[in-house]
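These notes are about the structure you will find just below.
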Amino acid sequence: MKVTHPLDIRDFSAQTAQGETVKLGMYYGQVLLVVNTATKCGLATQFKALQQIHERYEDSGFTVLGFPSNQFGEQEPGDDLEVLRTCREELNVTFPIFAKVNVNGDDAHPLFKWLVSETKGLLSSKIKWNFTKFLVDRNGRVVKRFSPTTKPEQIVSDIERLIAASQY
């Protein structure tokens, strides 16, 4: 008899900006902040804080995962390699950047369908804009969802709490 378990991060894979398929289970055991990003968005200033938090806590088993999306105001128009180049060279981002995905609708990436199903937003489960953030614990489960306007700095205490709850 097949044993089923509640979904967690290990149940998903994603394509990197370079086209390589990665099993997200490689991040199991880490605290994750999954963010749908867009380099041409007014909220793109959050990349700097996301990078600072990533650097500050990566040795404690924390990683930011960036998933570009062009679903909101076409604010991520470039192809995957252009987006990656912008993130690396202009925004100085070193955390993982994946291939562009849809985060809403029938063709939304399965990871985002799951993230949304685990954390309903205000009045709706849809992701409303770029830079919606999902905090995932070391057991690969979604803990909390943050709105696009929640500054990354405001999430630090939640990140620290999860890191401290189970040392890396």
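Scan the stretch 17-37 and report the pairs whose first residue is at negative phi and of a type in the set (A, V, I, L, M, F, W, C) and whose second residue is open to solvent by 40 Å² or more (accessible area, probe 1.4 Å) and in a strand (DSSP E or B), with Cβ atoms within less than 8 Å and a gap of 6+ or a chain change.
That search, which allows pairs on different chains as well, returns VAL22/SER13; VAL22/GLN15; LEU24/SER13.
Among the numbered criteria (1) closer than 20 Å to SER69 by Cβ; (2) at pLDDT below 95; (3) not in a strand (DSSP E or B), which one does ILE155 miss?
The number of the failed condition is (2).
Read through the list (1) modelled with pLDDT of 95 or more; (2) in a loop (DSSP other than H, G, I, E, B), then give the number of the only condition that GLY73 fails.
The failed condition is (1).
Looking at (1) in a helix (DSSP H, G or I); (2) polar (S, T, N, Q); (3) open to solvent by less than 40 Å² (accessible area, probe 1.4 Å), can you tell me which one SER117 breaks?
It fails just one condition, (3).
Suppose the filter is surrounded by fewer than 20 Cβ atoms within 10 Å (Cβ to Cβ) and either out of contact with any helix residue (DSSP H, G or I) (no Cβ under 7 Å at 6 or more places or on another chain) or on the phi > 0 side of the Ramachandran plot (or both); does THR86 pass it?
yes
Only one of GLN46, GLN51 is under 21 Å from HIS109 (Cβ atoms), surrounded by 13 or more Cβ atoms within 10 Å (Cβ to Cβ) and of a type outside the set (Phe, Trp, Tyr); which?
After applying the criteria, what remains is GLN46.
Of the residues ARG56, ARG85, ARG10, which single one is in a helix (DSSP H, G or I) and under 20 Å from SER117 (Cβ atoms)?
Just a single option satisfies the conditions, and that option is ARG10.
Consider the stretch 142-159. How many of its residues are in contact (Cβ under 8 Å) with a residue 40 or more places away in the chain and farther than 30 Å from GLY73 by Cα?
Number of matching residues: 0.
The values are calculated or read from the model by the stated rules, or taken from the named source; none is laboratory data. Since we're looking at a predicted model, the values are computed, not measured. With ideal geometry, Cβ positions are generated from the backbone for all residues, glycine too; neighbour counts draw on all protein chains shown. Side chains included, ligands, DNA and RNA excluded: accessible areas come from the protein's heavy atoms. Shrake-Rupley method; radii C 1.70, N 1.55, O 1.52, S 1.80 Å.
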